[in-house]
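Heads up, the thing below is written out as structure tokens.
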There are 2 protein chains.
Amino acid sequence: MNTGFVLKGNICHTPAPDDLEVLERGVVVCENGVCRGAFDAVPERYAHLEVIDCGDRLILPGLADLHTHAPQYAFCGTGMDYELMDWLLQIAFPEETRYADAAYAEKAYGIFAQKLKEGATTRAVIFGTMHADATLTLMDLMERSGLVSLVGKVNMDRNAPPELTEPGAEQAAADTRRFIEACRKRGYQRTGPIVTPRFVPSCTDALMEKLGAIRREYDLPVQSHLSENPDEVAFVREIAPEAAFYGDAYDRFGLFGRDSRTVMAHCVYSTPEEVQRMLDNGVWVAHCPSSNMNIASGIAPVRRYMEKGLRMGLGTDVSGGSSLSMFRAVTDCIQVSKMYWRYVDRDARPLTFPEALYLATKGGGSFFGSAGSFEDGFAFDAVVLDDSAEPRARALTVAERLERAFYRELDRNGITMKFVRGERII
Amino acid sequence: MNTGFVLKGNICHTPAPDDLEVLERGVVVCENGVCRGAFDAVPERYAHLEVIDCGDRLILPGLADLHTHAPQYAFCGTGMDYELMDWLLQIAFPEETRYADAAYAEKAYGIFAQKLKEGATTRAVIFGTMHADATLTLMDLMERSGLVSLVGKVNMDRNAPPELTEPGAEQAAADTRRFIEACRKRGYQRTGPIVTPRFVPSCTDALMEKLGAIRREYDLPVQSHLSENPDEVAFVREIAPEAAFYGDAYDRFGLFGRDSRTVMAHCVYSTPEEVQRMLDNGVWVAHCPSSNMNIASGIAPVRRYMEKGLRMGLGTDVSGGSSLSMFRAVTDCIQVSKMYWRYVDRDARPLTFPEALYLATKGGGSFFGSAGSFEDGFAFDAVVLDDSAEPRARALTVAERLERAFYRELDRNGITMKFVRGERII
């Protein structure tokens with residue numbers, strides 16, 4: 001392993017939401033996979049390290065995708081004329097049944113892992129399907145990609161087509177344990193399992209209870225969906241009447257923060273009580289603006305969540321979201337916040353570019369510990385971006401080039417190097 | 001000139017908003033620049049024509065960008081943290097002053113024309129700046145690009161920085177006449193002038209009156225902005241109290257349809273009276289969803305406009321819009337229509353992909369006569385798209401591939417051929 005080096009170029013990161021720090025021709029230092037800070041020039045104590053000069057390129061922290069569905073990438077950008085519940089039945093579930101087929105899973109997940117690797121994402125929290133074997137295949141591929149990821153074998157034992165319904169909580173729990181044990185045996189360095197009840201409509205209380213026990217036993221993180229769509233929220237109220245609110249239906253089973261690291265996707269319609277519980281329990285929000293537009297869910301009150309101090313990052317939510325690009329997630333996040341300000345809450349200021357970048361880097365990165373910033377002690381995840389193929393009529397500042405790179409999605413073909421925990425993977 | 005040929009491939013077009021016609025391995029016939037229709041196989045009467053076999057590629061009509069600002073492309077994707085009036089003063093106007101410099105105009109417009117040519121756009125309605133010479137340079141470049149375009153020397157004689165304020169209506173009119181005469185002398189085949197009062201806040205009545213006279217005299221089309229932002233609409237009410245509504249401030253001077261082909265960008269806040277006048281006068285709407293999000297203007301009621309039968313197309317509105325891609329405009333249009341449905345008017349159904357595609361092709365194409373469809377008698381504008389670089393885990397239908405191509409913006413690097421009026425330009 002590379003024990004240390006210096007990356008030199010135009011350093012851009014957001015140590016705080018309102019603080020876009022730009023160091024023109026600055027440096028970031030990596031030692032043993034850990035960032036030792038961003039500086040105007042190489043500090044004396046690191047003078048012995050090799051310098052990788054990236055010239056005029058932009059260097060930014062790796063981005064964290066807090067919510068995405070690997071099996072759905074196969075239809076990404078299609079089937080967008082539906083709303084959530086119809087979309088699940090017509091588009092998403094039929095695709096997910098295909099992952100009973102090992103060969104299909106290998107092929108489809110291979111494409112997903114490759115695409116994720118090619119982009120600016122360095123860390124991801126990922127849904128598989130209910131199929132343990134296919135999900136292990138996905139994890140093997142993610143491990144090989146060099147990205148850091150948490151991957152869930154999905155649990156669902158009701159309200160789905162028979163082929164996607166686990167045969168009872170007992171069997172589901174046994175499969176999940178087998179999946180977790182298999183993960184351990186494979187000795188992944190950067191890939192781990194995450195407990196994944198699909199969402200309340202898909203999981204009986206019996207299953208939830210077993211998942212809560214598994215979570216405690218193996219001390220695992222949790223991911224699920226929360227308060228995404230009005231119809232879904234109404235349905236949850238109906239099928240989980242004993243829950244005080246949607247999130248409480250997870251919390252009752254120990255699947256909503258507290259001593260478990262938990263991320264909930266969407267939170268478009270979270271009530272004040274739900275938000276308070278998320279704050280109390282330290283639950284992360286995965287804000288997924290593209291998906292929330294595409295399946296017409298709505299817009300999460302991200303400014304309000306920021307003001308309250310909720311833990312939060314961005315998710316692409318492929319394939320309710322139509323792009324794996326976290327650059328796109330950043331600009332989508334800004335755009336929907338403007339529509340939220342315009343139509344829902346005139347006191348909720350639109351997000352600025354630095355704020356959205358913060359969510360995509362340090363905000364989401366915090367789910368993995370210290371990641372997503374070039375501060376001392378953070379994991380050294382970095383993306384080097386060459387924007388020179390985009391012609392310029394005149395000089396732009398580094399900050400302008402950075403914003404432009406996001407709006408024009410230069411993560412598509414502009415990434416020339418990518419580091420995860422100090423290891424170069426592109 | 002190529003007098004006739006047949007393009008063979010997967011033909012996709014929208015003769016009507018609710019009719020996405022897909023002909024797998026079908027053909028479209030071109031004779032003397034005019035489309036003779038789309039067919040399953042080459043009709044006997046065209047059997048003598050050369051067949052260009054595009055294999056498994058997608059063939060769609062060229063897209064019409066009904067509203068974009070060429071000088072603003074230089075900062076496209078930057079300066080997005082502003083609202084309209086501030087954005088004009090802080091970002092747009094300072095850039096536009098640069099076009100007094102011929103060398104800068106040549107360089108910046110060269111980039112713009114090249115980028116527009118590389119995309120899926122075949123026709124465009126374009127704002128220049130107030131500078132006649134720079135705008136002629138832009139027109140020379142557009143003519144050379146092979147695209148069909150209407151380009152306006154912008155008129156503005158108030159409420160702008162001194163360097164962007166024409167010195168009185170008299171001088172502005174003289175400059176505009178000189179610009180139009182120069183266009184005529186240059187003998188463009190596919191590029192024409194369009195009368196372009198920037199918007200009501202920028203134009204005195206004296207200037208508007210002269211522009212109305214010029215329009216009549218030269219029988220020219222008209223473009224401007226309309227009811228984009230609440231602050232702007234309020235300002236217009238204040239400075240044009242004699243107008244019954246915003247659009248009436250154009251109509252009073254003969255710059256709002258009737259016997260002039262007129263396109264108005266945005267129409268987010270058009271009142272029922274304004275909409276009725278647009279219907280009566282046959283004014284086109286250029287719906288610009290990206291821009292309307294970026295500068296936080298709002299969402300135009302596109303479903304309502306379609307129901308009423310308003311003439312309408314899409315615009316990228318670079319650089320309030322952050323992309324020159326008309327593929328992106330299509331998916332943005334769908335996404336904002338979903339937010340409009342969710343938050344503003346639950347009876348305004350979201351647009352479907354075929355409907356948005358229709359707006360981008362035949363809808364906007366109608367501003368140029370018969371363009372944007374493969375029906376008999378339409379101008380032969382076509383784009384051939386290779387989506388094979390996007391891996392597929394399984395077979396997708398042609399319709400799915402088309403939708404995917406738009407959501408993933410494959411117009412960026414997937415266009416392998418492009419025809420305008422039957423001439424191949426890529």
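The values are calculated or read from the model by the stated rules, or taken from the named source; none is laboratory data. If you're wondering where the values come from, they're calculated on a predicted model, not measured in any experiment. All Cβ positions, even for glycine, are placed from backbone atoms using ideal geometry, and neighbour counts span all protein chains on display. The protein model used for the area step is the full one, side chains on, heavy atoms only, and it has no ligands, DNA or RNA in it. Shrake-Rupley method; radii C 1.70, N 1.55, O 1.52, S 1.80 Å.
Tabulated data for the structure shown
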| read-out | value |
| --- | --- |
| Net charge of Cβ neighbours under 11 Å - reference A:MET142; Lys, Arg +1; Asp, Glu -1 | +2 |
| Among B:TYR246, B:TYR99, B:TYR46, residue whose mean-square fluctuation peaks in a GNM of chain B (springs only between Cα atoms under 10 Å) | B:TYR46 |
| Total accessible area lost when A and B pair, probe 1.4 Å, Å² to nearest 100 | 4800 |
| Cα-based Rg of the protein assembly as shown normalised by 2.2 N^0.38 Å, two decimals | 0.96 |
| Label spacing, shortest first and in nm, from B:ASP347 to its equivalents in the remaining copies (7 angstrom along Cα→Cβ) | 3.2 |
| GNM top mover of A:GLU355, A:GLU106, A:GLU400 - chain A, alpha-carbon springs below 10 Å | A:GLU400 |
| Over the range B:63-368 - Rg/Rh using Cα atoms and the Kirkwood inverse-distance radius | 0.93 |
| Over the range B:219-360: Kirkwood hydrodynamic radius from C-alpha pairwise inverse distances, Å | 15.1 |
| Accessible area expressed per residue, the protein assembly as shown, with surrounding protein chains retained (probe 1.4 Å, Å²) | 32 |
| Per-bin percent of Cα-Cα distances, the range A:77-120 [5 Å] | 5, 20, 19, 20, 21, 15, 1 |
| Sulfur and carbon atoms: percent of accessible area, chain A [1.4 Å] | 47 |
| Selected from A:GLY79, A:GLY315, A:GLY212 as most flexible by GNM, with chain A as the system and alpha-carbon contacts under 10 Å | A:GLY79 |
| Residues along the range A:306-327 losing 20 Å² or more of accessible surface when the other protein chains are present rather than the chain by itself (probe 1.4 Å) | A:SER322 |
| Neighbour net charge for B:PRO193 - beta-carbon separation under 9 angstrom, K R +1, D E -1 | +2 |
| Copy-to-copy label separations for A:ARG304, where each label sits 7 Å from Cα toward Cβ, in nm and ascending | 2.5 |
| Global geometry of the range A:273-426, whether rounded, prolate or oblate, following the gyration tensor of its Cα atoms and the 1.5 cut on a/c | oblate |
| Vicinal HN-Hα couplings computed from phi for the range A:223-234 (Karplus, 6.51 cos²θ - 1.76 cosθ + 1.60; Hz; Gly/Pro x) | 9, 6, 10, 8, 6, 8, 9, x, 5, 5, 4, 5 |
| Shape call, the range A:94-147: gyration tensor on alpha carbons, a/c limit 1.5 | prolate |
| Calculated from backbone phi, Karplus (6.51, -1.76, 1.60) coupling profile of the range B:336-344 in Hz, x at Gly/Pro | 5, 5, 6, 5, 5, 4, 5, 10, 10 |
| Around B:PHE406: net Lys/Arg minus Asp/Glu count, Cβ-Cβ under 13 Å | -4 |
| At R0 = 35 Å, FRET efficiency that the Cβ-Cβ distance of A:SER388 and B:ASP259 yields, to 0.05 | 0.10 |
| Cα→Cβ-extended label distance, 7 Å offset, between A:ARG346 and B:ALA182, nm | 4.5 |
| Amide H contacts under 5 Å for B:GLY282, placed H, 5+ residues apart | B:ARG258 |
| Calculated label separations, A:ALA206, copies of the chain, 7 Å along the beta-carbon direction, nm | 8.6 |
| Karplus (6.51, -1.76, 1.60) ³J(HN,Hα), θ = phi - 60°, over the range B:73-82, in Hz, Gly and Pro reported as x | 4, 4, 10, 4, x, 10, x, 8, 9, 10 |
| Shielded by partner chains, the range B:256-297 residues - at least 50 Å² of accessible area, 1.4 Å probe, vs chain alone | B:MET293, B:ALA296 |
| The range B:187-263: C-alpha gyration tensor shape, a/c 1.5 cut-off, then a/b vs b/c | prolate |
| Within the range B:3-19, backbone nitrogen closer than 17 Å to the virtual label 7 Å beyond the Cα of B:THR416 toward Cβ | B:6-12 |
| Distance between the range A:56-117 and the range A:238-277 - C-alpha centres, whole angstrom | 25 |
| Accessible area, probe 1.4 Å, largest first, for residues A:ILE334, B:ILE239 | B:ILE239, A:ILE334 |
